[in-house]
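The values are calculated or read from the model by the stated rules, or taken from the named source; none is laboratory data. On a predicted model such as this, the values are computed, not experimentally measured, just so you know. Reconstructed Cβ throughout: ideal geometry from the backbone, glycine too, with neighbour counts over all protein chains shown.
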Amino acid sequence: MQEVNLRIATGFFCCLLILPTISYQVDSIGKASSELNVDLIYPYSSHISQDTTTHIRATQANYELPLETAMSDHQWPQQGLNSQHVGRSPYSTAENPGIEKWRYPVGDWCDGSPVIDANGTTFFGSSDFHFYAINPNGTLKWRFYTDSVLGKYGCQPAIATDGTIYFGTTYGSALWALNPDGTVKWKKLIPEIDTSVTITEDGILYYGHKEGLDARYPNGTLKWTFHTNETVQSTPAIDNQGIIYFGSHDFNIYALYPNGTVKWNYTTDAWVHGSPTIAPDGTIYCGSDDYSLYAFYQNGTLKWKIDIGSAMRSSPSLDKEGNLYFGLWHSLIMSVSPNGTIRWMFPLRDRDRVWGSTAAISDDGTVYIGNCIDMDANGGGEIIALGLDGTLKWRKTLCDSSLHSSPVISEDGSVYICVSNDGLVEPWGYLHAFGMVENNQPPETPTIDGPTEAEAKTSVKYIFQANDSDNTPLSFYIDWGDGTHWQTVDYEPGLQVPIYHTWTKKGTYIIQAKATDTFGLESDWGTLTVTMPFSYEPQYPFISWLLERFPNAFPVLRFLMT
């Protein structure tokens, strides 16, 4: 019996000698683990339990992890720039002054995020059922009509190496593929899609929907579907070995092999809205609605977990040193070091929310992110630019409804972001562009349209309008001629802006208005003469004497008089 055991042991030892060299350690309970042995020895192991992750500690393997997957020629082809969602652009914005150079209007809300191809064309979708292609100068290249809403809560299209553009429509439940000229390549009906499309170097598409996660070939053929117990709003990230990571409303963070089978999953204590981000060393970062940020080794063991005090509904972005930057549901922007230490917190106003907007980091170290102002009341949205140390560089309010879009950075250092408005004065949605304009020209002289005669103490409506040859946004400074003035916010050139004014006395007044573009160039003054021919102030001398004589009497009469 001892001889048999010796032979078995000798044979097992010989087998170990022919396996690739893998570093590992044995923890306190005697379980061996490593970065690679789970995949090499058990290539279809299905689950690492939460209990196991509290005991097993993975060590660094004897090989060097390659850097994140090389990006294509496109300037910002998908969510987080590439399939690892690092969110760090190779382009500098050091020459970008944070000034809006143009905005493009759409017919409904614009809750999605843009992408940029190799030529600088920006693509995005809107709730007006259209998918847009915009030239670098802010003019329309083409637009494509779909049959449903596009770009829910910051979702982004994806651009393949050959220029094919992929995107989902939310309520029409379809995945579209368009050629670079805006013609249809194919359309596939799918369950309701709630994520961006992630595309890998081999062209495989990954996206989440209300039933789980799909993998699809570039020609539209379904590769496989992985079913979860709840909807998936977490855009998948794919590492350089083809492993797919994503979260679900079933509280789990999943890792799938390229064939759609489970490598591991980790159960959190709440929904996982946020999308994972994969660092160059292979660490997987993901936030959960349980107010925690998680870091995992590639084999599913927990590297660390920290309390961030809020739900995360976007992806962390990484700087060159591996530090994480992200916004939170509860009025914060935060940075965390690779070891899980909180570096800094940038406070937002009460009830401000970062929902859907993933930070974009420029090569010069500026962090751009979108924020929903007083989201509970649809109070508007802003773009914020921070230094890597959390100091504010600039911020600008862009809309009066909501902002879920992620900023993106182009090769010339321009920054793009989408917004939604209430549609009362301005269009329902815009694509905004920030950067420099060459040979900028001043706006044209404003026109003032409205009555030339009016009644004093009555609110009167006037329409102000000015065009700009550079398509640069502009504001109006208005002198009403009675000692009062009005400064507007920035508007799209050519937009008719209604402003109301009340003159208190009869007389003749000259309204003067000038337009100023975002770079500070001013137009000539536009004027309109208005006459107040009638002013009636009722006189009640007896009643006035009575109220003055008895200051504490006649409350109802006092109310009516005032």
Check your understanding: How many residues does the range 399-416 hold that are modelled with pLDDT of 95 or more and in a strand (DSSP E or B)?
Key -> 4
**Study point:** Candidate set: the range 434-483, residues that are part of a loop (DSSP other than H, G, I, E, B) and among the hydroxyl-bearing types (Ser, Thr, Tyr); chosen: the one farthest from residue 411 (Cα to Cα)
**Key:** 458
Review point. When both residues are 6+ apart or on different chains and their Cβ atoms are under 6 Å apart, which pairs have a first residue that lies in the range 130-141 and is within 14 Å of residue 437 (Cα to Cα), and a second that is of a type in the set (A, V, I, L, M, F, W, C)?
Key: 138/102
Check your understanding: Within the range 385-425, how many residues are under 20 Å from residue 150 (Cα atoms), hydroxyl-bearing (Ser, Thr, Tyr) and out of contact with any helix residue (DSSP H, G or I) (no Cβ under 9 Å at 6 or more places or on another chain)?
Key -> 3
Check your understanding: Restricted to the range 167-201, and to residues that are among the aromatic types (Phe, Trp, Tyr) and either over 18 Å from the mean Cα position of the chain (by Cα) or more than 24 Å from residue 85 (Cα to Cα) (or both), which residue is surrounded by the most Cβ atoms within 10 Å (Cβ to Cβ)?
Key -> 176
Review point. If you scan the range 138-166, which residues turn out to be over 21 Å from the mean Cα position of the chain (by Cα), in a loop (DSSP other than H, G, I, E, B) and within 28 Å of residue 101 (Cβ to Cβ)?
Key: 139, 163
Practice item. Quick one: in the range 450-495, of everything that is without any contact (Cβ under 8 Å) to a residue 24 or more places away in the chain and over 22 Å from residue 419 (Cβ atoms), which residue is surrounded by the fewest Cβ atoms within 10 Å (Cβ to Cβ)? Key: 483
